[in-house]
Amino acid sequence: MEICLQNIGRRFNREWIFRTINYTFRQDKKYAILGKNGSGKSTLLKVISGCLSPSEGEIIYTLDNQIIAAENYYLHLTLAAPYLELMEEFSLNEVLDFHFKFKKRAQNIDNQDVVSLLGMQKNQHKAIKYFSSGMKQRVKLALAFCTETPILLLDEPTSNLDTEGLQWYLNMVQKFSHNRLTIVCSNQPAEYQFCDAQLNVSQYII
């Protein structure tokens with residue numbers, strides 16, 4: 001799986017966030033998208049994921065040398081980000097059931113396996129709205145890690161996590177990012193220490 005950015009730019013109203021990004025994310029590699037706060041890291045990740053359209057340029061997804069249509073990007077990726085919302089009225093088990101109706105489970109993992117990875121056996125029947133911000137972030141990450149897709153997108157993955165949560169995240173990366181094109185959007189070195197290459201969005205600010 002490859003993602004090729006060709007002269008990508010994005011603006012809001014008349015203000016350009018970034019322009020003329022040419023970059024190729026290659027299969028099985030791990031990348032960090034870096035930049036100071038407000039530089040457009042999350043915006044670029046949203047463009048890559050198809051959540052936002054580029055204001056200029058083109059994104060080409062290819063799988064086995066076949067171009068994937070834009071409307072089918074979502075089939076090949078999972079995204080975890082602080083701004084994504086969970087179903088607050090659902091219990092943890094219900095969130096897992098709902099998610100895996102649309103996505104394939106990685107490594108034949110079942111709900112109890114995910115709950116165990118989260119260490120939330122006592123909370124699996126509790127509504128998500130009663131979870132702390134750190135617990136919610138772990139659930140978002142677990143959903144992304146435990147879904148079988150060739151692309152894994154992580155935006156500020158340890159947001160709301162403590163030191164123990166950071167180690168949990170790194171363990172999950174080691175366990176579930178093998179053979180996946182992984183892109184981490186961050187300005188915290190601990191979050192992307194395992195990455196093979198870096199793309200600094202600040203270089204493309206107008």
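Read-outs: derived from the displayed coordinates by stated rules, not from any lab. Everything numeric here is computed off the predicted structure, so don't read it as measured data. Note: ideal-geometry Cβ built from the backbone for every residue, glycine included; neighbour counts use all protein chains shown.
Backbone phi angles across segment 25-41, fed through the Karplus curve with coefficients 6.51, -1.76 and 1.60 (θ = phi - 60°), yield HN-Hα couplings of 9, 9, 4, 6, 9, 10, 10, 10, 9, 10, x, 5, 4, x, 7, x, 4 Hz in residue order; Gly and Pro are listed as x. Each of His178, His76, His99 was scored by other Cβ atoms within 10 Å of its Cβ. Arranged with the fewest first, they read His178, His76, His99. In a DSSP loop and with at most 14 other Cβ atoms within 10 Å, the trypsin sites (Lys or Arg not before Pro) in segment 34-105 are Lys36, Lys101, Lys104. Computed per residue of the chain from DSSP H runs no shorter than four, each worth -39500 (n - 2.57), the mean residue ellipticity at 222 nm is -8000 deg cm²/dmol.
Counting neighbouring Cβ atoms within 10 Å and putting the fewest first, the residues Cys185, Cys51 line up as Cys51, Cys185. Only one residue of Leu117, Tyr204, Val95 has its Cα farthest out toward the positive end of the dipole of the chain, where Lys and Arg carry +1 and Asp and Glu -1 on Cβ, and that residue is Tyr204. Listed by chain and number, the aspartates and glutamates placed with their C-alpha closer than 16 angstrom to that of Lys46 are Glu56, Glu58, Glu71, Glu85, Asp155, Glu156; residues fewer than eight positions away on the same chain are left out.
Anything over 22 Å Cα to Cα? Flag those among Lys126/Lys175; Lys103/Lys140; Lys30/Lys175; Lys140/Lys175; Lys30/Lys129, in the order listed. In this structure, Lys126/Lys175; Lys30/Lys129 exceed 22 Å between Cα atoms.
Taking amide hydrogens as placed 1.01 Å from N in the peptide plane, the amide H of Arg105 sits under 5 Å from those of Glu148, each at least 5 positions away in sequence or on another chain. A crude spin-label estimate for the pair Thr163 and Lys126, with each label 7 Å from Cα along the Cβ direction, gives 2.3 nm. Farthest toward the dipole's positive end in the chain, which of Asn65, Asn108, Ser53, given Cβ charges of +1 (Lys, Arg) and -1 (Asp, Glu) about the Cα centre? Value computed over the given set: Ser53.
Where does the charge balance sit around Gly40 when Lys and Arg score +1, Asp and Glu -1, over other residues with C-beta under 15 Å from its C-beta? With Lys, Arg at +1 and Asp, Glu at -1, the neighbours total +2. Near the amide H of Leu199, within less than 5 Å, lie the amide hydrogens of Ala32, Ile33, Leu34, all on another chain or at least 5 residues away, with H placed in the peptide plane. The smallest convex shape that holds all Cα atoms of the chain, its convex hull, gives 122 Å³ per residue. Taking the centroid of alpha carbons for each part, segment 72-94 and segment 101-158 are 9 Å apart.
Cα centroids of segment 30-53 and segment 176-206: 10 Å apart.
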